[in-house]
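Chemist: Questions regarding the structure given below will be posed in turn.
Every number in this text was worked out from the coordinates using simple rules, so none of it is lab data. Here the structure is a predicted model, which means the values were calculated and not measured. Ideal geometry is used to build each Cβ from the backbone, glycine not excepted, and the neighbour counts take in all protein chains shown.
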Amino acid sequence: MRKTIKHLMTILIFTFFSLILISCTDKVLDIAIDETSIPEHITIGTFDITDLKLIVTKGNYDTETIPVTISMISATDNAKLNTVGTHEIAINYRNLTTKVTITINAPSEEEINEVLQNDLAEITIPAVMTNLFPLPLNGSYGSTITWTVDSPAITISTGGTVSLTRPLYFEEDVEVSLQATLEYFGKTLNHTFNTVVPKRAKDAIDEQIESVALSLELPQQIENTLALPFNGGEISGLKIEWFSSHPDIIVINNQLQTVQVLSPETDTTVTLSFAIHYQNRSYSHFDDITVTVKKGVTAAPAITNPSIEGNILSWTGVEGAESYSLYVDGALITVVDTPSVALDTLIPLKGRFTIGIQTNAFGDFAPSLIVDITYNHVPAHVETYYQELDFDLVGNALKMALRELLTVTHTTKTSYASLRQHMQYTDASLTDDGKILLFYSRIEVDKTWDQGLTYNREHVWAQNLGWFTESGAGSDLHHIRPTDPSVNSAISNRKFGNVNNGTQLKLSKKNGGGVIDGYYEGSYFEPADEVKGDVARIIFYLMTRYPESDSYTFTSVAYSLELLLEWNELDPVDTFEARRNDRTWEIQGNRNPFIDYSFLADQIWG
């Protein structure tokens, strides 16, 4: 037994001293740069820190030479190696530091020329460009490269990606010159590359537009009436915009889709040109149409001084006139025999309307030119909210004016957690305060929040398709709606679009199961008709309110802008949507202008 213990003690003592010896041997006593590894002449861009050798002295005074690695120097010192000058670089290894002086020299003119030529030789531009193409902004030998282009057919992003605007199928291929300017240490080298951007082939949408254009026929001679088509008939969303060479004879209002023919003193030939707008395309290359307007009786004088005071529309009548026709947004509504009318009998709905007043035929006179006046028929609090807005603005100017208004008045930022309480008020049933109306399914359920079993807080613009999480646009009460959990899950991250032969949405068992009006197929989801306008107006709001949306397009969330404009028109604002806008305004301070004035969408994007 004693022998065994003695043997074990011997082994332990031997192991202990072995570990001490190994520890001493592994310990680093000193480090130093191998001076022979420092190049005599270093030109910027040619030096690699791993070329340096580090002499390491161990605890047993043995030495070994190892390469310096990038991890041994700081980021600041590493940056110095790309700067001309003499730099002191600290090398750190095993808690020891040594320093080395490195001189980085500017390249000679010959070296500069070599870099420029080498980088130029690496650039290749396709002879024909049909797709996105990345242009180099930095040469592999060290030069920086900038690009200019002589044609709008090619656009170069700040990142160097080329995007193409290819000529239309009826146009010619475009020859484009791309000039590269290579710069290295103050010296530049220019080179021009030539390429061709070919016209794109005619596709199905082009065929549809062309078929509409070729089908347009007008009578060669007209007297006092002319019917112009403003829509594409069976092609939903297609619009035709008309232009008259004699707007004093053929008066066209494309917005209201009305045409007036005023008889000239002599037969007059009028040229009618047109543009067709469909699916983000606008074509106006078609042949003009000419008509001859026959001379006729003189048009009656038009009314003057139309004005609206409170609820009364009045104007200065025409001497001898017996009656006046009143139009609302281009449609004949009534005929009156006095120069005034009570507007509440004319327009029962809320909104913004164009009222036209026309002197009817009398004596030897034909009907007069229609005189328009705009009527805002909205509640007082809505009119006050927009009192500083210039409704005559169009396009981006109107969008920016609305963005400022919506941002300044958005005084309360709701949290995502608070939405479950707010929605119990904003989305409450019109007939039962104890229930809320679910967005897509249009069913009413108990408003009590039960951790998402009965309804979710749904981002109408799917989070994965947008820029937001659960703040900003992601918790904006104008955006978030209560939805059935199963419906929400089925919609997932799909975009909005029209669906053929899709899968019908189903309610969760908690809400009774069964199917609802709404379909999905592939990457698209089509809600019920009575929800489509709501969807469009929510998206219009988000694209206006939030600057982050500027880097997105309508195709980020829907099939097309035209589709959303169509939905906005086909599904007008109802009582529930208008009340919800009011209640959201009470909570967060701003309104959805596309609910108050749905025509603003066309005024910005139409």
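Chemist: Which whole-number percent of Cα pairs in the chain have a distance greater than 45 Å? Each step should come with its number before you reach the end.
Modeler: Numbers: 88862 of 183315 pairs.
Pairs farther apart than 45 Å: 48 percent.
Chemist: Using a simple spin-label model with points 7 Å from Cα along the Cα→Cβ vector, what separation in nm is obtained for S215 and N60?
Modeler: 9.5 nm
Chemist: Here's another thing I want to ask about it. Can you pull the three principal axis extents for the Cα set of segment 204-293, in Å, largest first?
Modeler: Over segment 204-293, Cα extents along the principal axes are 45, 24, 18 Å.
Chemist: What length, rounded to one decimal in nm, is gained on full extension from E35 through to Q255, with 0.36 nm per residue of separation minus their alpha-carbon distance? Working shown, then result.
Modeler: Values: separation 220, 0.36 × 220 = 79.20 nm, distance 8.24 nm.
Gain in length upon complete extension: 71.0 nm.
Chemist: Turning to a different aspect of this structure: Expressed as a fraction of 2.2 N^0.38 Å, the rule-of-thumb size for a compact globular protein of N residues, what is the C-alpha radius of gyration of segment 109-197?
Modeler: My calculation over the Cα atoms of segment 109-197 gives 1.17.
Chemist: Arranged by the count of other C-beta atoms within 10 angstrom, fewest first, what order do S74, S143 take?
Modeler: Working: S74 11, S143 25.
The fewest-first ordering by Cβ neighbours comes to S74, S143.
Chemist: Compute the angle between helix 109-121 and the longest alpha-carbon principal axis of the chain, please, reported from 0 to 90 degrees and rounded to the nearest 10.
Modeler: 50 degrees
Chemist: List the lysines whose Cα lies under 18 Å from the Cα of K58, skipping any in the same chain that are fewer than 8 positions away.
Modeler: K58 reaches K27.
Chemist: Per-residue ellipticity at 222 nm for the chain, helices alone: DSSP H runs ≥ 4 residues times -39500 (n - 2.57), over residue total, nearest 500 deg cm²/dmol? All intermediate terms of the calculation are to be shown ahead of the outcome.
Modeler: Details: 14 runs with 146 residues, N = 606.
Result for the chain: -7000 deg cm²/dmol, rounded to the nearest 500.
Chemist: Exposed loop GluC sites (Glu not before Pro) only (DSSP loop, at most 15 other Cβ atoms within 10 Å): please give the longest stretch of the chain free of them, not including the sites.
Modeler: Between exposed loop sites, the widest span is 471-606.
Chemist: Can I ask one more? Given points 7 Å out from each Cα along the Cα-Cβ axis, report the L349 to D51 separation in nanometres with one decimal.
Modeler: Simple spin-label model gives 7.8 nm for this pair.
Chemist: Oh, and also: Can you pull out the chymotrypsin sites (Phe, Trp or Tyr not before Pro) in segment 25-128 whose DSSP state is coil and whose Cβ has at most 12 other Cβ atoms within 10 Å?
Modeler: In loop regions of segment 25-128 (DSSP not H, G, I, E or B), the sparsely surrounded chymotrypsin sites (Phe, Trp or Tyr not before Pro) are Y61.
Chemist: Another one. Which pairs, out of K239/K435; K239/K447; K413/K495, put more than 32 Å between their alpha-carbon atoms?
Modeler: Working: K239/K435 42 Å; K239/K447 43 Å; K413/K495 27 Å.
Table pairs above 32 Å Cα-Cα are K239/K435; K239/K447.
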